[in-house]
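Asker: Can you keep this structure in mind? I'll have questions shortly.
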Amino acid sequence: MILEAKKIGFKYKSSGYILKDIDFKISSGERIGLVAKSGYGKSTLAKILAGHLFQTDGDIYIDGKKINNGSFNPVQLIYQHPEKSINPRWKMKKALGENGKYDSALIESLGIHSAWLDRYPHELSGGELQRFAIARAITEDTKFLIADEITAMLDGITQAQIWNSLINISEKNNIGIIVITHNKELADRICTGTVNLEKINNI
């Protein structure tokens, strides 16, 4: 399976282009690092690829077909700050089931303890909460994940645990991962290839 962006452009009405003529492609099972300094539109492109933001120009395809916005998007975005994407009034069991029935083997592989399921988001650490955000994004229909600086705010040990788990899950389920980061060393270590957004953004 191939996720492809063709001639993607994005601009706000009150300003010029943030992204222009972006061509990008990733296949199932690949882990592509999308690297650039802050301000080059990494997160904007992530939102477009996941259908959270509509592009000004161009199209997004999976295996040559435009993504149907009326159904579950097989491209799932995981944010840097999980507390902003999880309802603070829901216990974690309910949040985890937002995309359907969750897989107990999956949550175990991510290091999620059963006792955490009855807690509220504010009762968990950033690393614990991010594990839930990852688990929620992975369903049987998920074909690609976009990890937008998902471990940037975590300590080194937690970073390593989360990436090891996520890589194992992606290899087992043949899921492609776009790793959005400003940390080229991280991208070189965990990715099968890298793309520098600064070089392909024609603004």
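The values are calculated or read from the model by the stated rules, or taken from the named source; none is laboratory data. Keep in mind it's a predicted model, so treat the numbers as computed, not measured. Note that we place each Cβ from the backbone using ideal geometry, even for glycine, and neighbour counts take in every protein chain shown. What goes into the accessible areas is simple: the full protein's heavy atoms, side chains included, and nothing from ligands, DNA or RNA. Shrake-Rupley method; radii C 1.70, N 1.55, O 1.52, S 1.80 Å.
Asker: What number comes out for the charge environment of S43, summing +1 per Lys or Arg and -1 per Asp or Glu over other residues with Cβ under 12 Å away?
Answerer: Residues close to S43 contribute a combined charge of 0.
Asker: Name the residues whose placed amide hydrogens come within less than 5 Å of the amide hydrogen of I146, ignoring near sequence neighbours (fewer than 5 apart) on the same chain.
Answerer: Amide H neighbours of I146, under 5 Å, 5+ apart: Q76, L77, I78, I178.
Asker: Please give, to one decimal in nm, the separation of the simple spin-label points placed at S38 and H182, each 7 Å out from Cα toward the Cβ.
Answerer: Rounded to a tenth, the inter-label distance reads 0.4 nm.
Asker: Which of rounded, prolate, oblate describes region 83-133, given a ≥ b ≥ c as roots of the alpha-carbon gyration tensor eigenvalues and a/c under 1.5 marking rounded, otherwise prolate only if a/b is larger than b/c?
Answerer: Taking the square roots of the gyration eigenvalues as a ≥ b ≥ c, region 83-133 is oblate.
Asker: Using each residue's phi in region 129-145, evaluate 6.51 cos²θ - 1.76 cosθ + 1.60 at θ = phi - 60° and report the 3J(HN,Hα) Karplus result to the nearest Hz, with x for Gly and Pro.
Answerer: These are the phi-based 3J(HN,Hα) values: 5, 5, 4, 5, 4, 5, 4, 5, 7, 9, 10, 5, 9, 6, 10, 9, 10 Hz.
Asker: With semi-axes √(5λ) of the Cα gyration tensor in Å as the read-out, I listed (1) 28, 18, 17; (2) 36, 19, 12; (3) 31, 16, 15; which label goes with the value calculated from this structure?
Answerer: (1)
Asker: Straight-line reach only, C-alpha to C-alpha below 14 angstrom: list the aspartates and glutamates that K91 could link to, leaving out same-chain residues fewer than 8 apart.
Answerer: Straight-distance partners of K91: E83, D118, E123, E128.
Asker: Under a 1.4 Å probe, what is the accessible area of region 12-113 per residue, stated in Å²?
Answerer: In whole numbers, region 12-113 has 57 Å² accessible per residue.
Asker: Could you pull out every residue, at least 5 positions away or on a different chain, whose amide H is within less than 5 Å of the one on G58? Hs are placed 1.01 Å off N in the peptide plane, and Pro or chain starts have none.
Answerer: Excluding prolines and chain starts, which carry no amide H, the hits are G9.
Asker: Mind checking which of A160, A105, A50 has the largest fluctuation in a GNM of the chain, springs on alpha carbons under 10 Å?
Answerer: Looking only at A160, A105, A50, the largest GNM fluctuation is found for A105.
Asker: Also, quick follow-up: Per residue of region 110-124, what does 6.51 cos²θ - 1.76 cosθ + 1.60 with θ = phi - 60° give for ³J(HN,Hα)? Whole Hz please, x for Gly and Pro, Karplus curve as stated.
Answerer: 8, x, 7, 7, 4, 5, 6, 5, 9, 9, 8, x, 5, 8, 10
Asker: Add -39500 (n - 2.57) for each DSSP H run of 4 or more in the chain, then divide by its residues: what number comes out at 222 nm, to the nearest 500 deg cm²/dmol?
Answerer: The per-residue figure over the chain is -8000 deg cm²/dmol.
Asker: Of all the stretches in the chain, which is the longest one without any exposed loop site, taking chymotrypsin sites (Phe, Trp or Tyr not before Pro) in a DSSP loop (any state but H, G, I, E, B) with at most 10 other Cβ atoms within 10 Å?
Answerer: Answer from the scan: 55-203.
Asker: Within the accessible area of region 58-203, what % is carbon and sulfur when the probe is 1.4 Å and the other protein chains stay in place?
Answerer: Of the solvent-accessible surface of region 58-203, carbon and sulfur hold 46 percent.
Asker: Along Cα→Cβ, 7 Å out, is where each label goes; now give me the distance between the ones at K93 and T139 in nm to one decimal.
Answerer: A separation of 2.1 nm, rounded to one decimal place.
Asker: Filter the trypsin sites (Lys or Arg not before Pro) in region 41-96 to those in DSSP coil with at most 10 other Cβ atoms within 10 Å of their Cβ, and list the result.
Answerer: R89
Asker: How many angstrom lie between the Cα centre of region 1-29 and the Cα centre of region 147-203?
Answerer: When both Cα centres are located, 18 Å separates them.
Asker: With springs connecting C-alpha atoms under 10 Å apart, model the chain as a Gaussian network and identify which of S15, S104, S125 has the largest mean-square fluctuation.
Answerer: In this elastic network of the chain, the residue with the biggest mean-square fluctuation among S15, S104, S125 is S15.
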